(Lines give C-alpha, C1' and ligand atoms only; values in the text may rest on other atoms or scores of the structure.)
Protein backbone atom coordinates (compact mmCIF):
# COMPACT_ATOMS: atom_id res chain seq x y z
CA UNK A 1 0.00 0.00 0.00
CA UNK A 2 1.34 3.46 -0.98
CA UNK A 3 0.73 6.48 1.23
CA UNK A 4 0.88 10.10 0.00
CA UNK A 5 3.83 12.14 1.29
CA UNK A 6 2.42 15.18 3.12
CA UNK A 7 5.74 16.44 4.48
CA UNK A 8 6.30 18.97 1.69
CA UNK A 9 6.13 22.73 2.10
CA UNK A 10 2.83 24.27 3.07
CA UNK A 11 1.10 26.12 0.20
CA UNK A 12 1.42 29.88 0.38
CA UNK A 13 -1.94 31.28 1.54
CA UNK A 14 -3.81 33.22 -1.13
CA UNK A 15 -6.64 35.73 -1.18
CA UNK A 16 -8.91 32.98 -2.55
CA UNK A 17 -8.06 30.66 0.35
CA UNK A 18 -8.93 33.39 2.85
CA UNK A 19 -12.22 34.02 1.04
CA UNK A 20 -13.10 30.31 1.11
CA UNK A 21 -12.33 29.94 4.83
CA UNK A 22 -14.26 33.10 5.74
CA UNK A 23 -17.18 32.22 3.44
CA UNK A 24 -17.06 35.52 1.57
CA UNK A 25 -16.11 36.70 -1.89
CA UNK A 26 -12.58 37.49 -2.99
CA UNK A 27 -13.63 41.13 -3.43
CA UNK A 28 -14.75 41.32 0.20
CA UNK A 29 -11.38 40.02 1.40
CA UNK A 30 -9.63 42.59 -0.80
CA UNK A 31 -11.70 45.40 0.71
CA UNK A 32 -10.88 44.27 4.24
CA UNK A 33 -7.17 44.02 3.45
CA UNK A 34 -7.27 47.56 2.07
CA UNK A 35 -9.12 48.90 5.13
CA UNK A 36 -12.29 49.81 3.26
CA UNK A 37 -15.04 51.06 5.59
CA UNK A 38 -17.76 49.59 3.32
CA UNK A 39 -17.53 46.03 4.69
CA UNK A 40 -20.00 44.87 7.34
CA UNK A 41 -18.15 44.67 10.69
CA UNK A 42 -19.12 41.01 11.28
CA UNK A 43 -17.91 39.99 7.84
CA UNK A 44 -14.70 41.97 8.35
CA UNK A 45 -14.12 40.15 11.63
CA UNK A 46 -14.57 36.78 9.92
CA UNK A 47 -12.06 37.75 7.26
CA UNK A 48 -9.51 38.87 9.84
CA UNK A 49 -9.87 35.56 11.71
CA UNK A 50 -9.29 33.67 8.47
CA UNK A 51 -6.21 35.81 7.73
CA UNK A 52 -4.77 34.93 11.15
CA UNK A 53 -5.66 31.24 10.84
CA UNK A 54 -3.94 30.95 7.45
CA UNK A 55 -1.09 33.30 8.31
CA UNK A 56 -1.89 35.23 5.15
CA UNK A 57 0.34 38.19 4.25
CA UNK A 58 -1.13 40.72 1.79
CA UNK A 59 0.90 41.38 -1.32
CA UNK A 60 2.22 44.88 -0.60
CA UNK A 61 3.32 45.42 -4.17
CA UNK A 62 -0.16 44.67 -5.48
CA UNK A 63 -1.75 46.88 -2.83
CA UNK A 64 0.61 49.72 -3.66
CA UNK A 65 -0.17 49.38 -7.36
CA UNK A 66 -3.89 49.46 -6.68
CA UNK A 67 -3.46 52.60 -4.61
CA UNK A 68 -0.87 54.03 -7.01
CA UNK A 69 1.53 54.41 -4.12
CA UNK A 70 5.17 53.51 -3.62
CA UNK A 71 4.73 53.18 0.15
CA UNK A 72 7.94 55.16 0.59
CA UNK A 73 8.88 58.68 1.65
CA UNK A 74 12.14 60.53 1.10
CA UNK A 75 14.01 62.73 3.56
CA UNK A 76 16.02 65.39 1.73
CA UNK A 77 18.92 67.05 3.55
CA UNK A 78 20.57 69.72 1.36
CA UNK A 79 23.86 69.65 3.26
CA UNK A 80 27.29 68.03 2.92
CA UNK A 81 27.65 64.48 4.19
CA UNK A 82 30.33 65.58 6.66
CA UNK A 83 27.95 68.07 8.24
CA UNK A 84 25.02 65.65 8.35
CA UNK A 85 26.93 62.91 10.15
CA UNK A 86 28.62 65.28 12.60
CA UNK A 87 25.44 67.01 13.79
CA UNK A 88 23.22 65.13 16.30
CA UNK A 89 20.25 67.22 15.13
CA UNK A 90 19.92 65.15 11.97
CA UNK A 91 20.16 61.82 13.78
CA UNK A 92 17.38 62.89 16.16
CA UNK A 93 15.11 64.00 13.33
CA UNK A 94 15.63 60.69 11.52
CA UNK A 95 14.94 58.82 14.74
CA UNK A 96 11.61 60.61 15.17
CA UNK A 97 10.58 60.03 11.56
CA UNK A 98 11.49 56.34 11.73
CA UNK A 99 9.64 55.86 15.01
CA UNK A 100 6.43 57.18 13.50
CA UNK A 101 6.75 55.25 10.25
CA UNK A 102 7.32 51.95 12.07
CA UNK A 103 3.57 51.51 12.54
CA UNK A 104 2.72 52.46 8.95
CA UNK A 105 3.25 50.85 5.56
CA UNK A 106 5.80 53.49 4.56
CA UNK A 107 9.54 53.03 4.37
CA UNK A 108 12.05 55.87 4.64
CA UNK A 109 14.91 56.68 2.32
CA UNK A 110 17.29 59.61 2.61
CA UNK A 111 18.87 61.86 0.00
CA UNK A 112 21.80 64.08 0.96
CA UNK A 113 21.86 66.56 -1.88
CA UNK A 114 23.14 70.02 -2.66
CA UNK A 115 21.49 72.64 -4.83
CA UNK A 116 24.41 72.54 -7.29
CA UNK A 117 23.05 69.46 -9.13
CA UNK A 118 19.36 69.11 -8.28
CA UNK A 119 18.27 67.40 -11.52
CA UNK A 120 19.10 63.87 -10.33
CA UNK A 121 17.13 64.33 -7.12
CA UNK A 122 14.14 65.87 -8.89
CA UNK A 123 14.09 63.02 -11.39
CA UNK A 124 14.13 60.47 -8.58
CA UNK A 125 11.34 62.18 -6.65
CA UNK A 126 9.07 62.55 -9.68
CA UNK A 127 9.75 59.05 -11.02
CA UNK A 128 7.08 57.32 -8.96
CA UNK A 129 9.59 56.16 -6.36
CA UNK A 130 8.11 58.01 -3.38
CA UNK A 131 4.76 59.26 -2.13
CA UNK A 132 5.99 62.34 -0.28
CA UNK A 133 9.00 64.37 0.76
CA UNK A 134 10.42 65.62 4.06
CA UNK A 135 12.94 68.47 3.87
CA UNK A 136 15.38 69.27 6.70
CA UNK A 137 17.98 72.06 6.96
CA UNK A 138 16.90 74.05 3.94
CA UNK A 139 18.55 77.31 2.88
CA UNK A 140 17.09 80.26 1.00
CA UNK A 141 18.77 79.06 -2.19
CA UNK A 142 17.27 75.57 -2.00
CA UNK A 143 14.39 76.32 -4.36
CA UNK A 144 14.20 72.97 -6.17
CA UNK A 145 12.23 71.29 -3.40
CA UNK A 146 9.56 73.99 -3.11
CA UNK A 147 8.80 73.73 -6.82
CA UNK A 148 7.89 70.05 -6.32
CA UNK A 149 5.21 70.74 -3.73
CA UNK A 150 2.54 70.87 -6.43
CA UNK A 151 3.46 67.35 -7.53
CA UNK A 152 4.23 65.64 -4.21
CA UNK A 153 3.12 66.17 -0.62
CA UNK A 154 5.96 67.93 1.19
CA UNK A 155 6.67 68.82 4.82
CA UNK A 156 9.54 71.00 6.03
CA UNK A 157 11.44 71.02 9.31
CA UNK A 158 11.26 74.70 10.13
CA UNK A 159 9.61 77.63 8.43
CA UNK A 160 10.66 77.64 4.77
CA UNK A 161 11.90 80.93 3.39
CA UNK A 162 10.38 80.24 -0.03
CA UNK A 163 6.69 79.43 -0.45
CA UNK A 164 6.09 79.64 3.28
CA UNK A 165 2.46 80.76 3.01
CA UNK A 166 1.45 77.51 1.32
CA UNK A 167 4.00 75.10 2.79
CA UNK A 168 3.42 72.55 5.52
CA UNK A 169 6.04 72.64 8.24
CA UNK A 170 6.87 71.70 11.82
CA UNK A 171 8.90 74.16 13.87
CA UNK A 172 9.58 75.64 17.28
CA UNK A 173 9.20 79.28 18.25
CA UNK A 174 12.86 80.04 17.55
CA UNK A 175 12.64 83.79 18.03
CA UNK A 176 10.71 83.59 21.30
CA UNK A 177 13.00 80.89 22.72
CA UNK A 178 16.14 82.85 21.81
CA UNK A 179 14.60 85.94 23.42
CA UNK A 180 13.88 84.05 26.65
CA UNK A 181 17.33 82.55 27.04
CA UNK A 182 18.98 85.90 26.28
CA UNK A 183 16.78 87.51 28.94
CA UNK A 184 18.08 84.89 31.34
CA UNK A 185 21.55 86.33 30.78
CA UNK A 186 20.56 89.98 31.01
CA UNK A 187 18.44 89.47 34.12
CA UNK A 188 21.31 87.69 35.84
CA UNK A 189 23.35 90.90 35.58
CA UNK A 190 25.35 90.31 32.41
CA UNK A 191 26.03 93.64 30.68
CA UNK A 192 27.82 92.69 27.47
CA UNK A 193 25.88 89.86 25.82
CA UNK A 194 27.23 88.80 22.43
CA UNK A 195 25.88 86.15 20.06
CA UNK A 196 27.20 83.57 17.63
CA UNK A 197 24.38 83.56 15.09
CA UNK A 198 23.47 80.74 12.75
CA UNK A 199 23.53 81.04 8.94
CA UNK A 200 21.46 83.99 7.78
CA UNK A 201 20.09 82.07 4.80
CA UNK A 202 18.23 79.67 7.13
CA UNK A 203 15.09 80.37 9.20
CA UNK A 204 16.58 79.23 12.56
CA UNK A 205 19.61 81.45 12.02
CA UNK A 206 17.45 84.47 11.23
CA UNK A 207 14.86 83.92 13.94
CA UNK A 208 17.28 83.17 16.78
CA UNK A 209 19.31 86.25 15.92
CA UNK A 210 16.13 88.35 15.98
CA UNK A 211 15.20 87.00 19.44
CA UNK A 212 18.66 87.78 20.85
CA UNK A 213 18.62 91.27 19.34
CA UNK A 214 15.22 92.15 20.82
CA UNK A 215 16.22 90.97 24.30
CA UNK A 216 19.49 92.93 24.25
CA UNK A 217 17.79 96.13 23.07
CA UNK A 218 14.96 95.85 25.62
CA UNK A 219 17.53 95.51 28.37
CA UNK A 220 19.14 98.82 27.36
CA UNK A 221 22.44 97.17 26.49
CA UNK A 222 22.78 98.68 23.03
CA UNK A 223 23.16 96.59 19.88
CA UNK A 224 25.47 93.88 21.22
CA UNK A 225 28.23 92.07 19.32
CA UNK A 226 27.42 89.45 16.68
CA UNK A 227 29.47 86.98 14.67
CA UNK A 228 28.03 84.38 12.32
CA UNK A 229 28.74 80.64 12.23
CA UNK A 230 27.33 77.75 10.22
CA UNK A 231 26.03 75.60 13.11
CA UNK A 232 29.29 73.58 13.26
CA UNK A 233 31.76 73.16 16.11
CA UNK A 234 34.64 74.74 14.17
CA UNK A 235 32.59 77.76 13.15
CA UNK A 236 31.62 78.38 16.78
CA UNK A 237 35.26 78.41 17.85
CA UNK A 238 36.27 80.75 15.01
CA UNK A 239 33.36 83.12 15.70
CA UNK A 240 34.24 83.25 19.41
CA UNK A 241 37.86 84.07 18.60
CA UNK A 242 36.67 86.92 16.38
CA UNK A 243 34.48 88.26 19.18
CA UNK A 244 37.37 88.17 21.65
CA UNK A 245 39.74 89.74 19.14
CA UNK A 246 37.55 92.84 18.94
CA UNK A 247 38.88 93.95 22.32
CA UNK A 248 35.37 94.87 23.51
CA UNK A 249 34.22 93.59 26.92
CA UNK A 250 32.08 90.42 26.72
CA UNK A 251 30.61 88.70 29.76
CA UNK A 252 28.02 86.42 28.08
CA UNK A 253 27.40 84.68 24.77
CA UNK A 254 24.27 83.17 23.24
CA UNK A 255 25.22 80.61 20.57
CA UNK A 256 22.45 79.71 18.13
CA UNK A 257 23.04 75.99 18.64
CA UNK A 258 24.86 73.78 21.14
CA UNK A 259 27.50 72.69 18.65
CA UNK A 260 28.66 76.29 18.15
CA UNK A 261 28.44 76.85 21.91
CA UNK A 262 30.85 73.93 22.41
CA UNK A 263 33.16 75.55 19.88
CA UNK A 264 32.94 78.79 21.84
CA UNK A 265 34.03 76.89 24.96
CA UNK A 266 37.32 75.90 23.31
CA UNK A 267 38.05 79.49 22.32
CA UNK A 268 37.16 80.96 25.73
CA UNK A 269 38.99 78.36 27.79
CA UNK A 270 41.92 78.37 25.37
CA UNK A 271 42.51 81.99 26.30
CA UNK A 272 42.56 81.27 29.99
CA UNK A 273 39.05 82.61 30.64
CA UNK A 274 36.54 80.84 32.90
CA UNK A 275 32.95 79.78 32.21
CA UNK A 276 30.75 81.16 33.72
CA UNK A 277 32.84 83.39 36.00
CA UNK A 278 34.31 85.45 33.15
CA UNK A 279 31.92 84.65 30.32
CA UNK A 280 28.56 82.88 30.61
CA UNK A 281 27.56 80.72 27.62
CA UNK A 282 24.13 79.47 26.57
CA UNK A 283 23.03 77.47 23.53
CA UNK A 284 20.06 76.05 21.70
CA UNK A 285 18.93 72.42 21.05
CA UNK A 286 19.85 70.51 24.25
CA UNK A 287 21.70 67.84 22.29
CA UNK A 288 24.72 65.71 23.21
CA UNK A 289 27.07 68.69 22.97
CA UNK A 290 25.26 70.37 25.89
CA UNK A 291 26.27 67.66 28.36
CA UNK A 292 29.66 66.74 26.90
CA UNK A 293 31.24 70.12 27.73
CA UNK A 294 32.49 71.29 31.14
CA UNK A 295 30.73 73.05 32.74
CA UNK A 296 27.48 71.59 31.40
CA UNK A 297 25.69 73.98 29.06
CA UNK A 298 22.53 75.91 29.83
CA UNK A 299 20.41 75.73 26.70
CA UNK A 300 16.99 75.71 25.06
CA UNK A 301 15.48 72.23 24.93
CA UNK A 302 14.39 71.60 21.34
CA UNK A 303 12.19 68.45 21.09
CA UNK A 304 13.88 67.23 17.91
CA UNK A 305 12.71 63.61 18.03
CA UNK A 306 9.12 64.75 18.52
CA UNK A 307 9.56 67.23 15.68
CA UNK A 308 10.57 64.35 13.41
CA UNK A 309 7.54 62.32 14.49
CA UNK A 310 5.20 65.22 13.79
CA UNK A 311 6.75 65.78 10.37
CA UNK A 312 6.17 62.14 9.43
CA UNK A 313 2.61 62.18 10.79
CA UNK A 314 1.77 65.32 8.83
CA UNK A 315 3.22 63.89 5.61
CA UNK A 316 1.36 60.57 5.93
CA UNK A 317 -1.89 62.45 6.51
CA UNK A 318 -1.28 64.52 3.38
CA UNK A 319 -0.48 61.42 1.32
CA UNK A 320 -3.63 59.65 2.49
CA UNK A 321 -5.90 62.64 2.10
CA UNK A 322 -6.51 63.07 5.82
CA UNK A 323 -6.76 66.40 7.64
CA UNK A 324 -3.35 67.95 8.40
CA UNK A 325 -2.34 71.16 10.14
CA UNK A 326 -0.29 73.36 7.83
CA UNK A 327 1.85 74.69 10.71
CA UNK A 328 2.76 72.76 13.85
CA UNK A 329 4.83 74.40 16.58
CA UNK A 330 6.55 72.22 19.15
CA UNK A 331 7.09 73.52 22.72
CA UNK A 332 10.53 74.52 24.02
CA UNK A 333 11.90 75.03 27.51
CA UNK A 334 15.09 76.35 29.10
CA UNK A 335 17.38 73.78 30.75
CA UNK A 336 19.51 75.42 33.46
CA UNK A 337 22.92 73.88 33.95
CA UNK A 338 26.30 75.27 35.05
CA UNK A 339 27.36 77.70 32.32
CA UNK A 340 25.51 80.78 33.62
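The values are calculated or read from the model by the stated rules, or taken from the named source; none is laboratory data. Remember, it's a predicted structure, so these values are computed and weren't measured experimentally. All Cβ positions, glycine included, derive from the backbone under ideal geometry; neighbour counts span all protein chains shown.
Worth pointing out:
- Filter result (part of a loop (DSSP other than H, G, I, E, B) and in contact with a helix residue (DSSP H, G or I) (Cβ under 7 Å, 6 or more places away or on another chain)) within segment 186-204: 198, 199, 200
- Any hit, segment 216-223, residues being under 26 Å from residue 294 (Cβ atoms) and crowded, with 17+ Cβ neighbours inside 10 Å: no
- Residue within segment 215-234 that is in a helix (DSSP H, G or I), farther than 18 Å from residue 182 by Cα, within 31 Å of the chain's Cα centre (by Cα) and in the same structural domain as residue 195 (by TED's automatic domain parsing) present: yes
- Within segment 29-52, restricting attention to residues that are more than 21 Å from residue 105 (Cα to Cα) and surrounded by 14 or more Cβ atoms within 10 Å (Cβ to Cβ), the residue that is modelled with the lowest pLDDT is 39.
- Long-range neighbours under 8 Å by Cβ, at least six apart or interchain, first residue farther than 18 Å from residue 222 by Cα and not assigned by TED's automatic domain parsing to the domain that holds residue 270 within segment 239-259, second modelled with pLDDT under 95 and not in a helix (DSSP H, G or I): none
- Scan segment 309-340 for residues that are touching a helix residue (DSSP H, G or I) at 6+ places or on another chain (Cβ under 6 Å) and either surrounded by fewer than 19 Cβ atoms within 10 Å (Cβ to Cβ) or under 30 Å from residue 185 (Cβ atoms) (or both) and the total you get is 5.
- Check on residue 183, in a helix (DSSP H, G or I), crowded, with 17+ Cβ neighbours inside 10 Å and in contact (Cβ under 8 Å) with a residue 12 or more places away in the chain: yes
- Screening residue 167 on (1) more than 23 Å from residue 268 (Cβ to Cβ); (2) crowded, with 18+ Cβ neighbours inside 10 Å; (3) not assigned by TED's automatic domain parsing to the domain that holds residue 151 shows it passes everything except condition (3).
- Checking every residue in segment 291-303 against the condition of being buried (at least 24 other Cβ atoms within 10 Å of the Cβ) and more than 19 Å from residue 185 (Cβ to Cβ) gives zero matches.
- Some residue of segment 299-314 being in contact with a strand residue (DSSP E or B) (Cβ under 9 Å, 6 or more places away or on another chain) and within 19 Å of residue 194 (Cα to Cα): yes
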